Structures are given as structure tokens and as C-alpha cells.
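Below is one structure, written out as C-alpha cells, with a few remarks after it.
The values are calculated or read from the model by the stated rules, or taken from the named source; none is laboratory data. Here the structure is a predicted model, which is why all the values come from computation and not from measurement. FYI the Cβ positions are ideal-geometry reconstructions off the backbone, even for glycines, and counts take in every protein chain you see.
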Amino acid sequence: MGSEKKLNILGIIIKVIIIAPALIAGLLVMGSGVNAESPEMEQQAFMDSVSFGAVTNISFIAIIAAVVLILGFFAILLATRPGTAIKSILGIIIAAVVFFILYSVGTTDTVESLNVQGGISASESTMNFTHAGIWTAIIGMVISAVLALFMGFIMKLVRNI
């Protein structure tokens, strides 16, 4: 069996085992009508329900499966194409450095300046962590978008030099 066919079968298995139950359970939770403004007894009953437990468990399983698959594919990449794997590691290191620089700089936002209501509180480190994570993701997306838009032009320039 070809590798493409194996990957298609793996994709179907992932869809059937993880994604379909997650979608069904998620739709049950979203359709329950319980929200943050519902009475506390109703919220507690909902959190003890089978559908909420299923969504929670499926979410944990999906996250664990994603981590295992990422590490597995990375190990295969490291064995088959070490140069590409090293570039991936370098990208992760650069993103971590950007994150920690942004975390060190911090943010001037506070719970009060964000006008958060409902008795929600967050420490300064939580605010800095969230701020750094959001900005790291935005920077990564902008760099990816610019590279996607201009990679052809950049490659032409490099080849002509």
C-alpha cells in the first residue's frame, strides 16, 4: 500500500474516532442552553452531565493525540530529513525567544483597564503570559502571511543573484 493511501486511511480514522464524537458532543453542549448567566444549580447539573464530561474527555484525548502525532511525525522527519527538522527546531526556538522577550517586557493592561466584569481576576503574570502569547501568535501569522505572499518573488530574486 502506498504512503499516500496510508495517510488517507489515517486521516479517516482520526476523523471517525476523534473529530466526529467531539463535534457531536460539542453540539450537545452548545445546544444545552446553559451559559454563564444561568442559575448556579443549572450550571452545576450541566457540569455533571454526560455530554459535558464527554466534551471534556474528548478534548483531553484530542490534545494528547495531537501531541503524540506531532512528536511522531517530528521523529520521522528527524530520521528522514534532518535538515528540515533542524529548521523546525530553529523556528520553535525563535518563537520561544520572542515569547519570553514579550513576557519580560510585560503589558500595561490590568483587569480594570480591560473593564473585565463579573468578579474575574487575573494576576500580573497571567496578563503578561496571555499578552506575550497573543503577540507571539500574531507575529508568527504575519510573518507566515508575508512569506506566503512574497515567497515566489523572493525566490526569483535569490535565483537571479
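General observations
- Cβ-Cβ under 9 Å pairs, at least 6 apart or on other chains, the stretch 121-147 side without any contact (Cβ under 8 Å) to a residue 24 or more places away in the chain, far side polar (S, T, N, Q): ALA122/THR110; ALA122/THR130; GLU124/THR107; GLU124/THR110; MET127/THR107; MET127/THR110; THR130/THR107
- Which listed residue, of GLY72, GLY91, GLY33, GLY53, is over 24 Å from the mean Cα position of the chain (by Cα) and small (Gly, Ala, Ser): GLY33
Table: residues versus (1) modelled with pLDDT of 85 or more; (2) loosely packed, with under 10 Cβ neighbours inside 10 Å; (3) more than 28 Å from ILE70 (Cα to Cα).
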site: LEU90; (1), (2), (3): yes, no, no
site: VAL97; (1), (2), (3): yes, no, no
site: THR108; (1), (2), (3): no, yes, yes
site: VAL116; (1), (2), (3): no, no, yes
site: HIS131; (1), (2), (3): yes, no, no
site: VAL142; (1), (2), (3): yes, no, no
site: ALA148; (1), (2), (3): yes, yes, no
site: ASN160; (1), (2), (3): no, yes, yes
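Here's the yes/no breakdown for (1) among the β-branched types (Val, Ile, Thr); (2) without any contact (Cβ under 8 Å) to a residue 12 or more places away in the chain; (3) in a helix (DSSP H, G or I):
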position	(1), (2), (3)
ILE14	yes, no, yes
ALA20	no, yes, yes
GLY33	no, yes, no
GLU37	no, yes, no
GLN44	no, yes, yes
LEU71	no, yes, yes
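- Boolean, GLY31 is at pLDDT 80 or above, over 18 Å from VAL68 (Cα atoms) and surrounded by 11 or more Cβ atoms within 10 Å (Cβ to Cβ): no
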